[in-house]
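The values are calculated or read from the model by the stated rules, or taken from the named source; none is laboratory data. Here the structure is a predicted model, which is why all the values come from computation and not from measurement. Cβ placement follows ideal geometry from the backbone for every residue including glycine, while neighbour counts extend to all protein chains displayed. Note: areas computed on protein heavy atoms with side chains; ligands, DNA, RNA excluded. Shrake-Rupley method; radii C 1.70, N 1.55, O 1.52, S 1.80 Å.
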Amino acid sequence: MRFLAHLHRIDRRWLYVATLVLMLVPFVKPLTLPAGHVSRTTRAAFELIDSCPPDKVVIIDSSWDAGSQAENRAQLEAVVAHLCRRKIKFIVTSLGVTPLGPDFARDIIRPQVERAGYEYGRDWVQLGFVQGVAGALGPVIDRFSRDLWGLYPRDIHNTPVEQLPLMQAVRRGADAHALCCFTYAPVYEWISFANAQYGLRLVFGCMTIMCPAYYPYIDSGQLAGMLVGNVGAAEYEALNGTAGRGTRLGVPAAFGNGAVIAAAVLGNIGLWAERRARRAAA
Amino acid sequence: MRKTVVRVVTLLGGLFFVLEFMLPAELRRPGADRPYFTNPFSPWLNLATDLVIVLGTMAFLLGPINLIRSHFGNLVRWRRGAVESAVFLLFLALGLGLAGVKEFPDLKDALGLAAASDAFQSGYNLLFYGLMSAFGATSMALLAFYLVSAAYRSFRFQSLEAGVMMITALVVLLGLVPLGTFLTSWLPTELQLPTWAAWIFAVPNSAVQRAVVIGTFAGAFAAGLRLWLGVGQKTE
């Protein structure tokens, strides 16, 4: 009992070491856990993109950088793999969050489109980054939905958009079949401007920690689907019939969550044992 | 005088967006060829959006400009932390130079650096992927360790509310990863952890989030209204 009481006072550095060791295990000894369950939000996102007609375009807003690449990278990879498999044309933008978004997106997209035989300008286009005011992206998103050519007169390679064949089909953001926004926490202005005023169907790919805030919009139908962190990416890959980064990182994430649970359990056992010891002493 | 000008500009700017949204695009009598009213603000909306983008860019530049002023002052006066300031300014100049040369080929040619393209690309890759991307990912990865430490200290069964929170966290943590499916795959679907986690997100979480969002946006609306109308601000 005395030993159990000490569990209440473990030095946090031992917890850090234990967490590191636990999360390294799946990298040292590759393990697989069954994907099994696919959430309704991921399934809805997959079905929306899968239902894209051949004459329509999907817009991807990739506004993540190094901080959230642990989850957003896998999400973008999974969705781009789906688009390439179905030969769906897409446009990549980066609206207002981080100027590093286009670089990170290009590194993911370029190898996949080359393998799929996509031609730049005809099958896919990257428009680049547009600065907005933090907390006030509404006017920019409104312009995006209403007048995409006006917001992006040139693409990331400085080519006028009127010279790009793919852009002839998309003069307004609202002309797209759907928009997928991958970032740490997609702004609500996408819902209040792009969806509410222009009817653009939205899929969000966000960090796991931010996902609870978007469930009301899933229920109301304002958000068509959502990829929740790495798990969402793994589920999307399972629906697409691939096994990419999301599936690979699901096991370390599981071990990490296990470490959090183990820490909570240890703390409670220690607290309970200490109280019993104190009552026995009294 | 300055505050009055700021207030007037704020009022007019907000008024533009409010009126542009509230007024109809056009009003037309039945059977008429031409509308008798068209929204006078809509033609200016694109210009207003361009101004928002320009303002955002200016705000974005404020941070680096202040950093340069602060660290350059440190360096020139050789105050405490001058070495760190020198390192910061060196990497800032290096990053700007490499990115500028990479993004603007004409600049590269003008500086006679076309022959060293590969070197510049390697240097840029080293700074971007080797340093910046790695540091960014590392700083976020540290959160995992803080989370474990916080869970150890705060997830204690000391009251009914704390217990409910802990059990909910347990279900959600396990339900969100394949571990939950692995542990409960032998149960019927309705009793598996991912199903419970999905229910927690869809029902109690959604209800609370709706309440929070209504309160947050009501407060944001009030704060925005105060800012727009200049209510409660000090006068000269």
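Chains A and B together bury roughly 4900 Å² of accessible area, counting both sides, with a 1.4 Å probe on protein heavy atoms only. Above 16 angstrom, tally the Cα pairs of the range B:80-154 and express them as a % of all pairs, no decimals. Above the 16 Å cut-off, the range B:80-154 has 64 percent of its Cα pairs.
Solvent-accessible surface of the range A:17-173, taken per residue with a 1.4 Å probe and all protein chains present: 41 Å². Taking the Cα centre of the range B:80-154 as reference, the dipole from Cβ charges on Lys and Arg (+1) and Asp and Glu (-1) amounts to some 400 debye.
In square angstrom, what is the accessible area per residue of the range B:80-154 with a 1.4 angstrom probe? I get 63 Å² per residue for the range B:80-154. In the range A:1-155, the alpha-carbon atoms span a convex hull of 209 Å³ per residue. Extension gain, B:Asn46-B:Leu23: 0.36 nm per intervening residue step, less the Cα-Cα distance, totals 6.6 nm. Treating each Cα of chain B as an identical point scatterer and summing with the Debye formula, the log10 of I(q)/I(0) at q = 0.14, 0.17 Å⁻¹ comes to -1.12, -1.21.
Figure note: B:Tyr129, A:Tyr215 ranked by solvent-accessible area, largest first, 1.4 Å probe, ligands and nucleic acids not counted: B:Tyr129, A:Tyr215. Helices that extend 30 Å or more along their long axis by alpha-carbon positions and average at least 0.0 on the Kyte-Doolittle scale are, among the DSSP H runs of chain A, A:245-281.
In a simple Cβ point-charge model (Lys, Arg +1; Asp, Glu -1; nothing else charged), the range A:232-278 has a dipole of about 300 debye relative to its Cα centre. Cα centroid separation, the range B:164-236 to the range A:215-249: 18 Å. Across peptide A:214-220, the average count of Cβ atoms from other chains found within 10 Å of a residue's Cβ is 6. A convex hull fitted to the Cα coordinates of the range B:1-75 yields 103 cubic angstrom per residue. Kirkwood's formula applied to the C-alpha pairs of the protein assembly as shown gives a hydrodynamic radius of 26.2 angstrom.
Need one value for A:206-213: mean number of C-beta atoms belonging to other chains within 10 Å of its residues' C-beta atoms. Mean shielding count: 3.
Its convex hull of Cα atoms gives chain A a direction-averaged projected area, equal to a quarter of the hull surface, of 18.0 nm². Scanning chain B for long hydrophobic helices, with DSSP H runs required to stretch 24 angstrom or more by C-alpha along their axis and to average at least 0.5 on the Kyte-Doolittle scale, returns B:2-22, B:45-76, B:82-103, B:134-154, B:206-229.
The alpha carbons of the range B:123-236 occupy a box of 71, 51, 29 Å along the principal axes, longest dimension given first. The alpha carbons of the range A:165-267 give a radius of gyration and a Dmax of 17.0, 61 Å, in that order. Values of log10 I(q)/I(0) for the range A:81-216 across q = 0.09, 0.10, 0.13 Å⁻¹ run -0.26, -0.32, -0.55, by the Debye formula with one identical scatterer at each alpha carbon and no solvent. Peptide A:190-202 shows a mean partner chain C-beta count of 0 within 10 Å per residue C-beta. Sorted on the mean count of surrounding Cβ atoms within 10 Å across their residues, most packed first, peptides B:180-189, A:174-183 read A:174-183, B:180-189. Select from A:Gly150, A:Gly270, A:Gly221 the residue whose mean-square fluctuation is largest in a Gaussian network model of chain A (Cα-Cα springs shorter than 10 Å). Taking springs between Cα atoms under 10 Å, the residue moving most is A:Gly270. In the range A:26-57, burial by the other protein chains removes 40 Å² or more of 1.4 Å probe accessible surface, compared with the chain on its own, from A:Leu33, A:Pro34, A:His37. Of all DSSP bridge pairs formed entirely within the range A:126-282, close to 20 percent run antiparallel.
The mean sequence distance of close C-alpha pairs (under 8 Å, at least 6 residues apart), as a share of the length of chain A, puts its relative contact order at 29 percent.
Derived from the Cα gyration tensor, the three semi-axes of the equivalent ellipsoid of the range B:1-134 are 48, 25, 12 Å, largest first. I'd like the Kirkwood hydrodynamic radius of the range B:158-215, using the inverse of the mean 1/r over distinct C-alpha pairs, in Å. Computed over the range B:158-215, the radius equals 12.3 Å.
Rounded to the nearest 20 debye, the dipole magnitude of the range A:40-243 is 320 debye, with +1 charges on Lys and Arg beta carbons, -1 on Asp and Glu beta carbons, and the Cα centre as origin. Solvent exposure of A:Met210, expressed as accessible area, is near 60 Å², computed with a probe of 1.4 Å over the protein chains only.
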